[in-house]
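Taken together, the values in this text are just the output of simple stated rules run on the coordinates, not laboratory data. Predicted model only: the values in this text are computed from it and were never measured. Please note: Cβ atoms are built from the backbone with ideal geometry, for glycine as well, and neighbour counts cover all protein chains shown.
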Amino acid sequence: MKKQLIIVGIILILLTVVLIGCNEKTKEDSELIVGTWKDPGFEDVSFIFLSNRTGSWAGTPMLWKIENATLVITLQQSSSEPEFVYDYSFSDNNKSLTLNNVGGIPTVLNLVKQ
């Protein structure tokens, strides 16, 4: 009986630890991307992602969304609204963002302000 009580106690402790660990909130990608990102190769090129899904790319207003594990950027220009779709990944403790356009060269951006 005492052995069963110890086993039940251990199971309850393990279950509690697992449930507490699952309850931790991790930031979603749509939260991680918010901020100003710069391309270290081009000082004048920056991406600004605002929390309301707007922003700018090198000074051009844009809309952005994360859809089907891709980043979709729509430039808001007077004549047309081109759309760019990127695979993306975060690294360096979420301070680096790599954008990879299908068939293109990956662009690595560094977070400068959140």
Ranking Phe84, Phe49 by Cβ neighbours within 10 Å, fewest first, what do you get? Phe84, Phe49
Using the number of other C-beta atoms within 10 angstrom as an exposure proxy, rank Trp37, Trp57, Trp64 with the fewest first. Trp57, Trp64, Trp37
Please order Thr74, Thr60 by the number of other Cβ within 10 Å, starting at the fewest. Thr60, Thr74
